[in-house]
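Undergrad: I have a structure here, written as structure tokens, and I will follow up with some questions on it.
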Amino acid sequence: MNSSLDAPAATGARASSGAHASSGARVAPGARTANGPAAAPRTETPRKGTFSSLRIRNYRLFATGQMVSNTGTWMQRIAQDWLVLSLTGSSAAVGITTALQFLPMLLFGLYGGVIADRFAKRKLLLLTQSAMGLTGLALAALTLTGHVQVWHVYLVAFLLGLVTVVDNPARQAFVSEMVGQDELRNAVSLNSANFQSARLIGPAVAGVLITAFGSGWAFLLNGLSFVAPVAGLLMMRTAELHKVDRVPRSKGQLREGLRYVSGRPDLIWPIVLVGFIGTFGFNFPIWLTAFVYHVFHQGAGTYALFNGLMAAGSLIGALLAARRGSSRLRLLVGAALLFGLLEVTAALAPSFWVFAALLAPIGMVGLTINVTANSSVQMATDPLMRGRVMSLFMMVFMGGTPLGAPIVGWVTDAFGARIGFLAGGLISMAAAALIGLILARVGGLRLKIDLRPGHPHVRFVPRVPGSTRSEEQELAPAA
């Protein structure tokens, strides 16, 4: 009996052999499948050290460069949001800026995946990282000379989004070339830890710079920070990279990637879930600026503090994820439910400090969603398809922002910050519940509630009548 909710992510090798929704599911001892007796139960993937992938020199260079540039990126994000709010006084304008930055991913994201599969990823990253640095320098020049207008910020945000269309899938897929399949999950988690560590430093530095000198210096430092990843890529030993065959140019590669995902419930439904979460639940630039500016009547330093608290929680979540031996879809669904509940609670928080205290757990659970979905999808995908599949993943996760951010910004302006945050949380909860039920149905499971003392109270069990107790225990999520 196979379980979609309880299944670890299939490996790329199994995926290329035509694995489907239930690939990699644990099977109860003695259970039978449609093709006869089941194989021996899968053993859990042994846990690795939290920082095991950093033993690889190429990945250390990559991670170091990304740490520097990610810090600059977070400085620019804080400065950009605050600059737009200062110029316009509108949460909707912040939402438009965010939407424009992610609009290219929605429009062209799948083509970025085709490019990432077709060309050498290291060379692509040298181009994209250099271009991202130039956008920061351009915005710095406009701001420091006093000529910046809100349309300049909109334009730079859109140009940055165009570069990201190629940078994101290339960077995601390049991780496996640096570390190999065995260390992939650990490296994905450490990438998130890296990003969130920078999120602790960047907003704090940006808050000081904005308060003391203005936003322009934050943009300048971000532009210069991209020297680090470019240097790291140039210093890599290309002979030590894991060889991945590049996909030759041919017609229908985009459609081929979409067909591949559409036939795999273990890929399509996690992608749909992160799409809902990314579109409606991750609009923190809008909500946090609105709470700081309109609810608590504070300044840029408080906005940086709120981002730092979320980053601290996210960093903890990333380090915990790095220690896990496998990615299970039940963890993804459970984290999405909890994420929505925490957002609803924060929206109703009665005081400044209660709201602030909830930001760290929101960051931790949000990061768990991101890492679990990302690593599950990558590990279940054929390497030749990985660029296209990850571009679809990023297009849905980030590309939904141009649709959600203006709507969320309008709701926040019209009805207040609390209603906007509350709506995002409720939508996230509803999406998690619905997709959890779909995955359970695909896996042939049903929800069982047992209120007897000493028994797991909520779990999924096989739909097939007469299943044994051992089958139920094997398939059930941990209580």
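Undergrad: All but one of (1) at negative phi; (2) out of contact with any helix residue (DSSP H, G or I) (no Cβ under 6 Å at 6 or more places or on another chain) hold for Gly146; state the number of the condition that does not hold.
TA: Unmet condition: (1).
Undergrad: Kindly establish whether Ala357 is free of Cβ contacts under 8 Å to residues at least 60 places away in the same chain and not β-branched (Val, Ile, Thr). Before the answer, list the steps.
TA: Working: free of Cβ contacts under 8 Å to residues at least 60 places away in the same chain: yes; not β-branched (Val, Ile, Thr): yes.
Judged against the criteria, Ala357 is a match.
Undergrad: Okay, next question. Return the only residue of Thr143, Thr97, Thr164 being within 23 Å of Asp413 (Cβ to Cβ) and either modelled with pLDDT under 85 or part of a helix (DSSP H, G or I) (or both).
TA: Numbers: Thr143 fails: within 23 Å of Asp413 (Cβ to Cβ); Thr164 fails: within 23 Å of Asp413 (Cβ to Cβ).
Of Thr143, Thr97, Thr164, the one residue that is within 23 Å of Asp413 (Cβ to Cβ) and either modelled with pLDDT under 85 or part of a helix (DSSP H, G or I) (or both) is Thr97.
Undergrad: Every residue in region 294-305 that is assigned to a helix (DSSP H, G or I) and surrounded by fewer than 22 Cβ atoms within 10 Å (Cβ to Cβ), please. Before you say what the answer is, go through the steps one by one.
TA: Residues of region 294-305 assigned to a helix (DSSP H, G or I): 294-295, 300-305.
Of everything in region 294-305, those that are assigned to a helix (DSSP H, G or I) and surrounded by fewer than 22 Cβ atoms within 10 Å (Cβ to Cβ) turn out to be His294, Val295, Gly301, Thr302, Leu305.
Undergrad: Here is a check on your reading of the model: is Leu127 surrounded by fewer than 23 Cβ atoms within 10 Å (Cβ to Cβ) and within 30 Å of Pro383 (Cα to Cα)?
TA: On the way: surrounded by fewer than 23 Cβ atoms within 10 Å (Cβ to Cβ): yes; within 30 Å of Pro383 (Cα to Cα): yes.
Yes.
Undergrad: Could you go through region 156-179 and let me know if any residue there is on the phi < 0 side of the Ramachandran plot, of a type in the set (Ser, Thr, Tyr), out of contact with any strand residue (DSSP E or B) (no Cβ under 8 Å at 6 or more places or on another chain) and surrounded by fewer than 20 Cβ atoms within 10 Å (Cβ to Cβ). Give the steps one after another, and end with the answer.
TA: Going residue by residue through region 156-179, those that are on the phi < 0 side of the Ramachandran plot are 156-179.
Filter once more, so that each one left must be of a type in the set (Ser, Thr, Tyr): 164, 176.
Right, trim to out of contact with any strand residue (DSSP E or B) (no Cβ under 8 Å at 6 or more places or on another chain) and you get 164, 176.
Checking which are surrounded by fewer than 20 Cβ atoms within 10 Å (Cβ to Cβ) leaves us with none.
Checked against the condition, which is being on the phi < 0 side of the Ramachandran plot, of a type in the set (Ser, Thr, Tyr), out of contact with any strand residue (DSSP E or B) (no Cβ under 8 Å at 6 or more places or on another chain) and surrounded by fewer than 20 Cβ atoms within 10 Å (Cβ to Cβ), region 156-179 yields no hits at all.
Let's see how each residue does on (1) in contact with a helix residue (DSSP H, G or I) (Cβ under 8 Å, 6 or more places away or on another chain); (2) within 30 Å of Val163 (Cβ to Cβ); (3) part of a helix (DSSP H, G or I):
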residue	(1), (2), (3)
Pro350	no, no, no
Leu367	yes, yes, yes
Ser375	yes, yes, yes
Thr381	yes, yes, no
Arg386	yes, yes, yes
Met390	yes, yes, yes
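Undergrad: Can you name the number of the only condition in (1) at pLDDT 90 or above; (2) in contact with a Leu (Cβ under 7 Å, 6 or more places away or on another chain); (3) charged (D, E, K, R) that Lys123 fails?
TA: (2) is the only condition that Lys123 fails.
Undergrad: Checking Gln181 against (1) touching a residue at least 12 places away in the same chain (Cβ under 8 Å); (2) part of a helix (DSSP H, G or I); (3) within 23 Å of the chain's Cα centre (by Cα), only one condition comes out false. Which one?
TA: Every condition holds for Gln181 apart from (2).
Undergrad: If you check Met364, Met398, Met390, Met394, which single one turns out to be under 26 Å from Leu437 (Cα atoms), of a type in the set (A, V, I, L, M, F, W, C), assigned by TED's automatic domain parsing to the domain that holds Leu100 and modelled with pLDDT of 85 or more?
TA: Numbers: Met398 fails: modelled with pLDDT of 85 or more; Met390 fails: modelled with pLDDT of 85 or more; Met394 fails: modelled with pLDDT of 85 or more.
Criteria check complete, one pass: Met364.
Undergrad: Find the residue count for region 192-240, including only residues that are surrounded by fewer than 24 Cβ atoms within 10 Å (Cβ to Cβ) and of a type in the set (S, T, N, Q). Write out each step before concluding.
TA: Looking only at region 192-240, we keep the residues that are surrounded by fewer than 24 Cβ atoms within 10 Å (Cβ to Cβ), and these are 192, 194-195, 197-198, 200-201, 204-205, 208-209, 211-214, 216-217, 220-221, 223-224, 227-228, 230-240.
Filter once more, so that each one left must be of a type in the set (S, T, N, Q): 192, 194, 197, 211, 238.
Residues meeting the conditions: 5.
Undergrad: Next question, about the same structure. Output the number of residues of region 77-131 satisfying the condition of being under 16 Å from Leu159 (Cα atoms) and among the polar types (S, T, N, Q).
TA: Counting residues in region 77-131 that are under 16 Å from Leu159 (Cα atoms) and among the polar types (S, T, N, Q) gives 7.
Undergrad: Here's something else I'd like to know. For residues that are hydroxyl-bearing (Ser, Thr, Tyr) and surrounded by fewer than 24 Cβ atoms within 10 Å (Cβ to Cβ), scanning just region 70-94, find the one that is modelled with the lowest pLDDT. Break it down stepwise before answering.
TA: We begin by selecting, within region 70-94, every residue hydroxyl-bearing (Ser, Thr, Tyr); these are 71, 73, 86, 88, 90-91.
Okay, now just the ones that are also surrounded by fewer than 24 Cβ atoms within 10 Å (Cβ to Cβ), so 73, 86, 88, 90.
On the way: Thr73: 88, Ser86: 85, Thr88: 86, Ser90: 81.
Among residues in region 70-94 that are hydroxyl-bearing (Ser, Thr, Tyr) and surrounded by fewer than 24 Cβ atoms within 10 Å (Cβ to Cβ), the one modelled with the lowest pLDDT is Ser90.
Undergrad: Go through region 261-271 and give me each residue that's of a type in the set (A, V, I, L, M, F, W, C) and either farther than 15 Å from Gln378 by Cα or buried (at least 23 other Cβ atoms within 10 Å of the Cβ) (or both). Before you say what the answer is, go through the steps one by one.
TA: First, the residues of region 261-271 that are of a type in the set (A, V, I, L, M, F, W, C): 261, 267-269, 271.
Of everything in region 261-271, just one residue is of a type in the set (A, V, I, L, M, F, W, C) and either farther than 15 Å from Gln378 by Cα or buried (at least 23 other Cβ atoms within 10 Å of the Cβ) (or both), namely Leu267.
Undergrad: Next question. Taking Gly113 as the residue in question, decide whether it is under 20 Å from the mean Cα position of the chain (by Cα) and small (Gly, Ala, Ser).
TA: yes
Undergrad: Kindly indicate whether Gly366 is under 16 Å from the mean Cα position of the chain (by Cα) and in contact (Cβ under 8 Å) with a residue 24 or more places away in the chain. Full working, then the answer.
TA: Numbers: under 16 Å from the mean Cα position of the chain (by Cα): yes; in contact (Cβ under 8 Å) with a residue 24 or more places away in the chain: yes.
Answer is yes for this residue.
Undergrad: Give Phe226, Phe195 a once-over and let me know the one that is at pLDDT 80 or above and among the aromatic types (Phe, Trp, Tyr). Give the steps one after another, and end with the answer.
TA: Working: Phe195 fails: at pLDDT 80 or above.
Exactly one of Phe226, Phe195 is at pLDDT 80 or above and among the aromatic types (Phe, Trp, Tyr), namely Phe226.
The values are calculated or read from the model by the stated rules, or taken from the named source; none is laboratory data. Because the structure is a prediction, the values reported are computed rather than measured. A quick note on method: Cβ atoms are made from the backbone with ideal geometry, for glycine too, and the neighbour counts reach across all protein chains shown.
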